[in-house]
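Here's the structure we're looking at; comments come further down.
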Amino acid sequence: MKKAKILIVDDDINIIYYIKQSLEAANPNLHITGLCSGEECLEQVRRIKPDMIFMDIVMPGIDGRRTAGALKQYEDTKDIPIVFLTVRGLVDDRGLSLTPISKDFIQKPFFIEELHNIITTKIFKKKPKTAKKKAVKKKTVKKAVKGKQGKKAPVKKEAKKRAAGKKTVNGKKGKRPVKKAKSLS
């Protein structure tokens, strides 16, 4: 499988490092490059040829909004998806909306899973794993709560009996014993 190229543009080197380390650990099919300014991005983007760009909005020099606007003007960079990383939200200081440039925003502080989910859906064209896990969890919970004819499942009865210290169907009585820690001396 070809590695997806992700470009991170942020004036905070710590954010670049955090995103790079976290995403590469989560998905070995990612190659991540970090740049510290809009100027660097405009100079390097044609050489790097990223599949996606995560860009801070507030940066010294050329800010993220103007950098993204410049990228959208060129034929070879106009189709690269840009996701803004911002503290501000959908409108910048001057009241200008950011939606004409990019519809995708992640508000700082963020969870790395948010970035990973966007990469998964936009580049790999798959549903994020967390959505699948939640769907499976909901089905499992529904099955556990309702048994046949809408009654509570036997699993719940077992747990209630065990908590009360009564003998259960599988012969266990009360709560499970706590193992004592071994002495180091």
- For ARG66 and GLN44, calculate 0.36 nm times their separation in residues minus their Cα-Cα distance, and state this gained length in nm to one decimal. 6.3 nm
- Item | Too-long pairs where the Cα-Cα distance tops 22 Å, listed order kept, from LYS2/LYS49; LYS78/LYS108; LYS20/LYS49; LYS49/LYS125; LYS72/LYS108 | LYS78/LYS108; LYS72/LYS108
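Around HIS31, under 13 Å between beta carbons, what's the net of Lys plus Arg minus Asp minus Glu among the other residues?
Details: positive: LYS2, LYS3, LYS5, LYS20, LYS49; negative: GLU24, ASP51.
Spelling it out: positives minus negatives among the neighbours equals +3.
Once you have the Kirkwood Rh of the range 4-126 from its Cα pairs, apply Stokes-Einstein at 20 °C and 1.002 mPa s and quote D in µm²/s.
Values: Rh = 14.3 Å.
The estimated diffusion coefficient comes to 149 µm²/s.
Only the coordinates and a few stated rules stand behind these numbers; no lab work does. Values in this document were obtained by computation on a predicted structure and should not be read as measured data. Here Cβ is always computed from backbone atoms with ideal geometry, including for glycine, and neighbour counts include all displayed protein chains.
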